[in-house]
Amino acid sequence: MNSLNLSAFFLFSSFLISCSNAKINNVSIDSPPESVFKGSSVQLKAVVKGEGKPDTTLNWVIVEPVAKGTTITKEGLLTVSNDETAQLITIKAVSVADTSKAASLGIKIQTDPKSYYGSWESIRENKARNLDLSENSLAFKWLYNGSGYTVSDIKWVPAYNEDPATNQDFPNGFYVTGIVSKSYNNETKMGLLQKNTLFISGDGKKILRTVDGSGDQIVWIKKQ
């Protein structure tokens, strides 16, 4: 055996020894997101730590049954279907070299607030009201007498509908707060903190609105 072949032999032998001594210590998911919007994707990342030169390949899996369009690739790209009904899904990153080493992550599934933007109408006692929603404001107008108010600087906080009577049609939504910035012909006070909970229907055509301090649940219909 010449010197070149001998060197190659020792290098290959060292590689085999290194591989045989490799060990996976743990798997962790790096900077996990708390929630993901329906119809969107997020790239998940995991870190494999071990000894020697371990195989760092991972299998990414979704634990629960999910909608057909909700998937995760072998690279960890999670895509959530617009039709997803699960409120929480569990993702696992499993080491290929040692399947006993894995990391799990629970991700909440939320409707994108953009689904709420636009004009809505509610008819109560044969009287129409308008609701206009955007990223930063929420405006009410009572069409029969011209009164109403506008809430500005609103914040959208994910919320889940725990009412068994309505959560099948309106499963999740947002707790929306803001300050009254305009008032029209009514007694709504300027600067008042307004608190609403808005749940949108699965088809995006209805909103169930609950106002804090009131037991009313008002359904708003999307205007064409």
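The values are calculated or read from the model by the stated rules, or taken from the named source; none is laboratory data. No experiment lies behind these values; they were computed from the predicted model shown. Reconstructed Cβ throughout: ideal geometry from the backbone, glycine too, with neighbour counts over all protein chains shown.
To keep it simple, each residue is scored yes or no on (1) surrounded by 13 or more Cβ atoms within 10 Å (Cβ to Cβ); (2) in contact with an Asp or Glu (Cβ under 8 Å, 6 or more places away or on another chain); (3) over 25 Å from A102 (Cα atoms); (4) modelled with pLDDT of 95 or more.
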position	(1), (2), (3), (4)
M1	no, no, yes, no
F10	no, no, yes, no
S20	no, no, no, no
S31	no, no, no, no
V36	yes, no, no, no
E51	no, no, no, no
T57	no, no, no, no
I62	yes, no, no, yes
G69	yes, yes, no, no
Legend entry - When residues of segment 143-181 are limited to those that are within 20 Å of E121 (Cβ to Cβ) and surrounded by fewer than 14 Cβ atoms within 10 Å (Cβ to Cβ), the one nearest to the chain's Cα centre (by Cα): L143
Inset, instruction - Only residues that are closer than 21 Å to L198 by Cα and without any contact (Cβ under 8 Å) to a residue 12 or more places away in the chain: list them for segment 124-145, please. - result: F140
Inset, instruction - Sort out which residues of segment 120-136 are closer than 16 Å to G146 by Cβ, surrounded by 13 or more Cβ atoms within 10 Å (Cβ to Cβ) and among the aliphatic types (A, V, I, L, M), and write them in order of number. - result: L131
Legend entry - Which numbered condition A46 misses (of (1) of a type in the set (A, V, I, L, M, F, W, C); (2) farther than 22 Å from N172 by Cβ; (3) surrounded by fewer than 18 Cβ atoms within 10 Å (Cβ to Cβ); (4) not assigned by TED's automatic domain parsing to the domain that holds F199): (3)
Inset, instruction - Would you mind listing the strands (runs of 3 or more DSSP E) fully within segment 16-86 where at least 3 residues are closer than 26 Å to F199 by Cα? - result: 35-37
